[in-house]
1. Rounded, prolate or oblate: which fits the range 27-112 when a ≥ b ≥ c are the square roots of the eigenvalues of the alpha-carbon gyration tensor, with rounded for a/c under 1.5 and prolate only if a/b beats b/c?
2. Report the antiparallel proportion of the DSSP beta bridges in the chain as a percent, rounded to a multiple of 5.
3. Please report, to one decimal in angstroms, the Kirkwood hydrodynamic radius of the range 131-288 built from all distinct Cα-Cα pairs.
4. Cα gyration tensor of the range 196-253, axes a ≥ b ≥ c as square roots of the eigenvalues: rounded (a/c below 1.5), prolate (a/b > b/c) or oblate?
5. Counting pairs of alpha carbon atoms under 8 Å apart in space and at least six apart in sequence, what relative contact order in percent does the range 139-190 give?
6. What ranking of 256, 86 emerges when the number of other C-beta atoms within 10 Å of each C-beta is taken as an exposure proxy, fewest first?
7. State the antiparallel share, in %, of DSSP beta bridges confined to the range 131-288, rounding to the nearest 5.
8. Quote the relative contact order of the range 23-134 in percent (integer), defining contacts as alpha-carbon pairs under 8 Å separated by 6+ residues.
């Protein structure tokens, strides 16, 4: 979707103690050129990002997103963003979103090559209508990500725990899934454990127990997954983080892909194994569409 709003954040002085950071934002024409040709975000994908869902002008799960942005920055040796500065920028951008559902994207780049400071900006835009996907579900295939489960600990330079701008592999995985006749994919480690989807977290149901792969081995800790677990715990269900072997996928009673924009998409088939759309899906969707801090 076309960007409707954009602002540039000045990182200089962002570490100062202040209540009002509005003077560090510059609203720019979202349709006009704004980045230098030497910008490393576009040359090398050298930066990190977050995408925050917006419901009727309310930005969802802002704190978990800002915490994950800061963690990604630390992993990538980028200056850790000032959370209050970015929180205020998110509020400005969310207010510019149209009624209904939208998205605010946060980008922190290493900046211009050999430049003195990073580049940071925020955009806002409407999003596609995912109501049908939330109701009828998606089919997925499993794809080998090519790394063992412990690779993030053994090889931290791979940046697998950071949400970086280098998303070419994720997009290639989605294209491969569609070539195989599916809507999406679930990554597996080379030693046979379930990881995540290219742009979503995975939740599996086994009876009244809900499980997501433990956020180790380069798995991002999903912000929407955290909200789903909060709701499920409030309803009396057991939730947990586990190392999930690939063989467990065929024994699940239900499964979902969850993310900030698509929210909750029930999985109706994993490879050749069919799954029902769990009646709980409607309640999860309603909860995720409600305002949350």
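No lab work stands behind these numbers, since they all come straight from the coordinates. In this text, all values refer to a predicted model and were calculated from it rather than measured experimentally. Cβ sites come from the backbone with ideal geometry, for glycine too, and all protein chains shown count toward neighbours.
1. The shape class here is oblate.
2. Expressed as a percentage, antiparallel bridges in the chain total about 80.
3. Hydrodynamic radius (Kirkwood, Cα pairs) of the range 131-288 is 15.7 Å.
4. It is oblate, given that a/c is not under 1.5 and a/b is not larger than b/c.
5. About 67 percent, as a whole number.
6. Taking fewest neighbouring Cβ atoms as first place, the list is 86, 256.
7. Within the range 131-288, antiparallel bridges account for around 55 percent of the total.
8. Answer for the range 23-134 is 30 percent.
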